[in-house]
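Working notes, structure below.
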Amino acid sequence: MSKVVVNVAWPYANGTIHLGHLAGSLLPADIFSRYNRLIGNEVLMVGGSDQHGTPITVSAEKAGMTPEEYADKYHLINKKAIEDMGIEYSLFNKTHCPTHFEVTQYLFTLLKDKGYIYTGQTYQYYCPQCSRFLPDRYVEGVCPKCGAEKTRSDQCDACGTTFEPGDLLKPYCTLCGATPQIRASEHFFLRLSAFREPLMQYLDTKDYWRSNVKAFTQNWLEGGLNDRAITRDMSWGVPIPVEGWDDKVIYVWFEAVIGYLSSSVEYSRMIGKPDYWEAFWKDPEARHYYFIGKDNIPFHSIIWPAILMGAGDGLDLPYDIPANEYLMISGGKLSKSRSKGPIDIPSVLTRYDADAIRFYLSVNMPDTHDTEFTWDDLDTKINNDLVATLGNYYHRCLSFTRKNFGSIPAGGDDPEVEAEIARTLEEYRSLLSVCDLKRGIKAALELARYGNRFFDAVKPWALVKEDKEACGRKMNSALRIAKALCVMMWPYMPKSSESIWRYMGYTGSLEEAGLDEALKPLPAGQELLEPVPVYRKVEPVKEQEETKECKQKEQPKAQEAAPAGLFADFRRMDIRVGTVVEVGDHPDAEKLYVLKVNLGEEEPRQIVTNLKSIYPREQMENRRLLVISNLKPAKFRGVKSDGMLMALDDEDLGGNAVLLLKPSSDVPDGTQINCGLEASSSRIEVKHCEKVTIKVGKLQGGKVLGADAPEGCPAAAAFVYDGDQRVPMGDGKGCYITVDSLDFTDGAAVR
């Protein structure tokens, strides 16, 4: 039995994890961990929520929460989502905890005492408009090497070049759009340059690393290593264990990787064995695997090994770093803002079973190259490969055998079947042992296809009438294939595999049975349970949306249901609630604002608007409003605008009022305002919006614009029209759309 440490990349606690996180690091780690447990290895799987850094403080401030409250909120949300996906950690920890502080400060002090950490002056980006030093992710510009735009100030994802402050061309603050300054600040540095040669020697032993990981690391080392500042000017994070440094903290890129060790220590204390972690971290025979996305390669192949080398405390270095590429959508990295539908895990699990998602991301895993994600492809692979191939084989074998025999019949020991199982299992072992998880599940799927061909060739429905004993022998062989599949699929789809295991009459867990059980004969006479199909066919996304619309029409709502088939133009608009988080002046247009609007996405949207002469800056700051989020981006005097605000315009009716629309209740940013209808996420143009008729009316005597007002209607409410039909504009759940003032002409149009 070997000891294996499965270290999993830390999701940032600034939002809900999505399919990209799952495909990149979380699912591969769980599959590999389960495989090692299946072959009898002792596994310690650790990770958790990365809770520090400026983005957390910015988001917490907007939400009216402390950074700790905000980070813990998403820690709990993501922890539940991970558990719901069947992913099992030894400990899913968080970086804002006493043990992590303790271990980080211990390593900091150890490296400092050995001369690997020293003080020096650093130059950082400082935004004079925001009055703060800016972390790397809040400064973007043009890469000086390859010319890529929207490049972060620390590293270019396109070519891999790393930067120091000042290297980036045309830098700008992503919060307000202002040009940042370079200012000096005193900080602690990691003497990374001292580890170049040891790291080169270390890399020379890693011939088995994936080519992308080795090449990326090689390029970094050949370009030379520069010492890096490991502290930052802020108060949220791990305190520096040196007197007089209370206004700074240890930088997140340095302390987050230490979380693998601190979580191991924390887990050991939790189980009442304080020294348990040492058997995994100070044993040269133990193997450490790091499951990450490709953007985190240098932190795990260079910086973390350098920290471990410098500590010199007998700590094991990474054995393998099977970094995955990106799950893409429409040619770009998967993110909530690019997807046709919700891609966060809690939302996806309302539509699909966890094992179905695990299956799809396993066969479509971005292991050695980026892979494209589409809802159509997901549905197709679930229906054709999971349901029609694997699920169909399970069910036809189990249901036929139970119906005709009741228990496992005596076997005929078919040599061809045994050979095929053995061959597949050998291939499966060889692939999973080197983290080739995608090819591993495809090997198992080929065995399922072989099983279906075997079943069809036997024709048991006819054979059972001619020679029941012979049919029993053949079904024993068919069930042996089913058992082998059940065992091999457990790391990929644990819940459904355990169900098949029980239907075959086995007690105990598959993990306890072990991988070798796949080769063992079946116990003749073991009673079979009544099987239920473990996988279900899914409707294509369009059919699901139509079904949802029908249900919305049939069921009573707080708002009026929109008649089916109408409001086609309105449905083309994806309207979202947003909050203005920054208000900036257009650099070349005196009458324009450049806004940053939070729509619940990973980054705020930049929107240019001509409301500067109508709304003073103080009235725009922190304002709730509506954004047409799927409008094609446009440039206004050279500045990109990605969305359009919605406002009442009273000019046509003789008034002179422009009032921004806003939600009537405190719904979250990103809430969709499409009257409960499913909206399109495809990009549209302004001309499409002009086809939509929306009017705002005042509540008078229980009526609005001459019709009965819906329950809970505010004093001013917007309505969407389609011919003689109309529906109150809102989220379909009781939130309506209103304006700040009643000083407008009843029936004013929305532009």
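If the condition is being open to solvent by 10 Å² or more (accessible area, probe 1.4 Å) and either at pLDDT below 85 or under 15 Å from residue 626 (Cα atoms) (or both), then the stretch 713-725 contributes 722, 723, 724, 725.
Apart from one condition, residue 113 fits all of (1) within 22 Å of residue 45 (Cα to Cα); (2) free of Cβ contacts under 8 Å to residues at least 60 places away in the same chain; (3) more than 30 Å from the chain's Cα centre (by Cα); the exception is (1). Restricting the stretch 518-535 to residues that are open to solvent by less than 30 Å² (accessible area, probe 1.4 Å) and of a type outside the set (A, V, I, L, M, F, W, C) leaves a set whose member that is nearest to residue 475 (Cα to Cα) is 531. Check off (1) closer than 18 Å to residue 667 by Cα; (2) crowded, with 21+ Cβ neighbours inside 10 Å for residue 622 and give me the number that stays unchecked. Looking at each condition in turn, residue 622 falls short on (2).
Just wondering, is there one or more residues in the stretch 518-536 that are assigned to a helix (DSSP H, G or I) and either of a type in the set (A, V, I, L, M, F, W, C) or under 24 Å from residue 414 (Cα atoms) (or both)?
Yes, the conditions are met somewhere in the stretch 518-536.
Applying the condition of being assigned to a loop (DSSP other than H, G, I, E, B) and not charged (D, E, K, R) to the stretch 72-104 and asking which residue is nearest to the chain's Cα centre (by Cα) yields 85. If the condition is being within 24 Å of the chain's Cα centre (by Cα) and at pLDDT 85 or above, then the stretch 659-672 contributes 671, 672. Please determine whether any residue of the stretch 234-248 is among the hydroxyl-bearing types (Ser, Thr, Tyr) and open to solvent by less than 50 Å² (accessible area, probe 1.4 Å). No, every residue in the stretch 234-248 fails to be among the hydroxyl-bearing types (Ser, Thr, Tyr) and open to solvent by less than 50 Å² (accessible area, probe 1.4 Å). Would you pick out the residues in the stretch 432-469 that are more than 19 Å from residue 396 (Cα to Cα), open to solvent by 10 Å² or more (accessible area, probe 1.4 Å) and among the hydrophobic types (A, V, I, L, M, F, W, C)? Result: 434, single match. What single numbered condition from (1) within 24 Å of residue 190 (Cα to Cα); (2) touching a residue at least 12 places away in the same chain (Cβ under 8 Å); (3) in a helix (DSSP H, G or I) fails to hold for residue 308? Just one mismatch for residue 308, condition (2).
The values are calculated or read from the model by the stated rules, or taken from the named source; none is laboratory data. All values reported here derive from a predicted model rather than from experimental measurement. We place every Cβ from the backbone using ideal geometry, glycine too, and count neighbours over all the protein chains shown. Just the protein is used for accessible areas: all its heavy atoms, side chains included, with ligands, DNA and RNA removed. Shrake-Rupley method; radii C 1.70, N 1.55, O 1.52, S 1.80 Å.
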